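A short worksheet on the structure shown next.
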Amino acid sequence: MKITKEIKIALVAIVGVLILFFGMNFLKGVQLFSSDNTYYITFSNIKGLSTSSPIMENGYKVGMVKSINYDYNKPGQIIAEVGINKELNIPMGTVALISSDLLGNVQVDLVLGNPATGFIQPNGTISGNLNDGALGKVKEMVPQIQAMLPKLDSILANVNMLLADPAIHTTLHNVEHLTQKLNTTANELNSIVASVDKQMPGLMTKAGTVLDNANNTMGNAQRVTDNLANLDLETSLAELSQTLNNLKTFTEKLNQNEGSLSLLLNDKSMYENLNATLAHADSLLVNLKEHPKRYVHFSIFGKKDK
């Protein structure tokens, strides 16, 4: 059978349509031949949710939205058909929350219930709701921010008045001057510390020498203390007492005119006689020196001078 040109064009067109179809679904994230379990999530507001939006559980993608339909039998209710990995069992009480980030990306987050209560069977229904996330929290804060605006205006007005006060500029100038002084002081302290560091070895050496001398002095003091401890103080005191008694007796005898020394000290006439005797002896010696022949006779022949 001969394939005509028209048949070839038809086959190419069919293949192109199939490629386009599968390509579009692939770009959307739709897996045509997937074996995911189908569930239905009911929402009152889908807030930008669309087909192929991811289904996340603790940040991990476990499925995606297949289709979204409005339930005209129950006005206000929107049903999203989703495919979830068949390996994930959905416990009873699970809630699906629509959330979006600051860039506008929308996803469905599953908040799993307690597995002890049982599981939702495939083609079952999951309750859905909105989760504004950070934007919701911002919305909740808007009334509080609006209430704070008048107070902020008053605070800013007071701040402007305070900044306009010339005293602020003077204070800032003084603070700058004080900072410069503190910097100068810090530099001086650094110089002092550096000088002390240089002198520290010498000081430590001198301190070691002083400690050695102190140890030697303590050793000498200890030896002196030991010598004092070894002295027989009682015997020394007794001997000292005996010596003082003897000195006292000697002094009493001197005062009692007994003995030559006592008489010499106390008898004036004896002193005068002794003085006169010494004077005569001195005169005799002088005369003997001047006239030795009167007292010494010496002759070879025994002749006597007249």
- Query: If you check Phe33 against the conditions, is it at pLDDT below 90 and either of a type in the set (A, V, I, L, M, F, W, C) or over 23 Å from Asn131 (Cα atoms) (or both)?
  - Reply: yes
- Note on the structure: Taking the range 93-120 and keeping residues surrounded by 13 or more Cβ atoms within 10 Å (Cβ to Cβ), closer than 21 Å to Ser44 by Cβ and out of contact with any Leu (no Cβ under 9 Å at 6 or more places or on another chain) leaves Gly113, Ile120
- Note on the structure: Residues in the range 67-123 that are outside any loop (DSSP other than H, G, I, E, B) and either among the aromatic types (Phe, Trp, Tyr) or free of Cβ contacts under 8 Å to residues at least 60 places away in the same chain (or both) total 30
- Task: Scan the range 138-192 for residues that are among the charged types (D, E, K, R) and under 30 Å from Asp101 (Cα atoms) and report the count.
- Result: 2
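The values are calculated or read from the model by the stated rules, or taken from the named source; none is laboratory data. Small disclaimer: the values here were computed from a predicted structure and weren't measured. With ideal geometry, Cβ positions are generated from the backbone for all residues, glycine too; neighbour counts draw on all protein chains shown.
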